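The numbers here are math on the coordinates, done by the rules we state, and not lab data. Since the structure is predicted, the reported quantities are computational estimates derived from the model, not experimental observations. Cβ coordinates were reconstructed from backbone atoms using ideal geometry, including for glycine residues, and neighbour counts include every protein chain displayed.
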Amino acid sequence: MTQTVVEFINTATKLIPDFDGKSENLRSFLDALTLVDAIKGEHEAIAISLIKTKLKGNSRNLIDNENTIAEISTKLRTTVKGESVEVVTAKLMNIRQSSKTATNYCNEIETLTKSLENAYINDGINLNLASKYATQAAVRAITKNCTLEKVKLIMEAGQFTDMNEVISKFVGSCTEATGQQNTMLYQTG
């Protein structure tokens, strides 16, 4: 089925999200380019122009002389990189609760854990294994940085399959140990 230029632009515009250059958004953007490539027919030049309009910030500067959707995909795949597993792990291991509530602390841990999972996936590890490794790193970080020995022991002994279990156990253990929900375990100054 041949599409008119207007039909193609309407369809492609709906398929291609804006891309901000962040590595965690790259896979979705590349998936959209694959779909557009499959339906482009004789409209590749228009597709290239449309794709460029969807690139935001620094990601737009990456694409210059690429003349095919495949070239754009390759360029983005090779140049858009997130932080390495080692860097994200180091950040995770060094996050401190300080004066944050257990819930706020866990939100930060969860955000970094998701970044770590994405870093593992970018290194070619499948989703299930990446999630497992990232969850294990989160448990190590929480255990290392916990100031309550009872909670530390509970976290070390736990067998967790996902971050929801980790967070639930940590917040629950902190509440049980202190008698207060959403307590601060350590306060500076």
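Between Q159 and K81, what FRET efficiency comes out of the Förster formula 1/(1 + (r/R0)^6) with R0 = 41 Å and r the beta carbon distance, rounded to 0.05? Can you show the working numbers first?
Values: r = 33 Å, r/R0 = 0.81.
The pair K81/Q159 has a calculated efficiency of 0.80.
Between amide H atoms placed 1.01 Å from N, distances below 5 Å from F19 occur with L55, K56, all of them 5 or more places distant or on a separate chain.
Figure the gain on full extension for N10 and L148 (residue separation times 0.36 nm, minus the Cα-Cα span) and round it to one decimal in nm. Before the final figure, lay out the partial values.
On the way: separation 138, 0.36 × 138 = 49.68 nm, distance 5.76 nm.
Full-extension gain reported as 43.9 nm.
Computed over the Cα atoms of the chain, what is the convex hull's projected area averaged over all directions, in nm²? Each step should come with its number before you reach the end.
Working: hull surface 54.7 nm².
For the chain, averaging the hull's shadow over all directions gives 13.7 nm².
Here the Debye sum runs over all C-alpha atoms of the range 5-79 as equal scatterers in vacuum, and log10 of I(q)/I(0) at q = 0.16, 0.25 Å⁻¹ comes out as -0.48, -1.23.
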